[in-house]
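Colleague: Pasting a structure here, questions to come.
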Amino acid sequence: MAEKKNKTKNILSWVLIIVLAILVLTPTTRTAIQRGLMKIGLFNPDVPKQTAANPSATPLVMTETVTLSDDAGKTIQTHDLKGKVVFINFWATWCGPCRAEMPSIQKLYDKYKDNENVVFMLVEIEHNKDGAKAFMEKEKLNMPIYYPESDIPTTWLSNSIPSTVVLNKQGALAFDHKGMADYSTKEFEDFMISLINQ
């Protein structure tokens, strides 16, 4: 009787392991799990502390520039955006963590899309225009997608995506985060407001 009970227990354990493996390996489920982990605070970006005496705790080192194009083929250089806070997210259509963080970026974008002092640039690094458009439509996202037309500085994008940088109004690097993050937090919104108000 005990042997039969152990055999049943082993079978149930293996079934559970197989089901969990399938769930983790399925891209849609993996993205949902990653989004859930972001919502409980496991992937909050490290936001630089702002003070009244020193609004930007990050050193004002002038950043490099990059040339980007939009879906219509119009090009823009990031150094032409001085005077604005520029949120740049580097991603690819095949990247699960990139896809998982997009709804949080959409929430942030929705708050600031009408603010003339803020620019959002979601840079699909592989020029996959069809894939980017399909993803945005499927997820009901409406953020502006750009594509690199020059080398991307390694201080902005190294070997990992997603990668996010925020430039302050002087064009200096004010924020840099490698990996998935939740950008819809109050802490990150307060950081954006502090840069807008500089």
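The values are calculated or read from the model by the stated rules, or taken from the named source; none is laboratory data. Note that the structure is predicted; figures quoted are calculated from it, not measured. With ideal geometry, Cβ positions are generated from the backbone for all residues, glycine too; neighbour counts draw on all protein chains shown. Just the protein is used for accessible areas: all its heavy atoms, side chains included, with ligands, DNA and RNA removed. Shrake-Rupley method; radii C 1.70, N 1.55, O 1.52, S 1.80 Å.
Colleague: Any idea how many residues of segment 183-195 are part of a loop (DSSP other than H, G, I, E, B) and within 12 Å of residue 112 (Cα to Cα)?
Modeller: 1
Colleague: Count, please, the residues in segment 101-141 that happen to be of a type in the set (D, E, K, R) and under 17 Å from residue 161 (Cα atoms).
Modeller: Qualifying residue count for the region: 3.
Colleague: In addition: Looking at residue 198, is it among the polar types (S, T, N, Q), out of contact with any strand residue (DSSP E or B) (no Cβ under 8 Å at 6 or more places or on another chain) and not in a strand (DSSP E or B)?
Modeller: Yes.
Every residue, every condition in (1) among the basic types (Lys, Arg); (2) open to solvent by 60 Å² or more (accessible area, probe 1.4 Å), yes or no:
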{"site": "86", "(1), (2)": "no, no"}
{"site": "95", "(1), (2)": "no, no"}
{"site": "101", "(1), (2)": "no, no"}
{"site": "106", "(1), (2)": "no, no"}
{"site": "111", "(1), (2)": "yes, yes"}
{"site": "126", "(1), (2)": "no, yes"}
{"site": "135", "(1), (2)": "no, no"}
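Colleague: Further question: Suppose we filter 138, 133 for residues that are among the charged types (D, E, K, R), touching a residue at least 12 places away in the same chain (Cβ under 8 Å) and either assigned to a strand (DSSP E or B) or out of contact with any helix residue (DSSP H, G or I) (no Cβ under 6 Å at 6 or more places or on another chain) (or both); which single one remains?
Modeller: 133
Colleague: Being aliphatic (A, V, I, L, M), farther than 17 Å from residue 165 by Cα, modelled with pLDDT under 95 and in contact with a Ser or Thr (Cβ under 6 Å, 6 or more places away or on another chain), is that true of even one residue in segment 55-75?
Modeller: no
Colleague: Sort out which residues of segment 158-192 are among the aliphatic types (A, V, I, L, M) and either surrounded by fewer than 14 Cβ atoms within 10 Å (Cβ to Cβ) or modelled with pLDDT under 90 (or both), and write them in order of number.
Modeller: Within segment 158-192, no residue meets the criteria.
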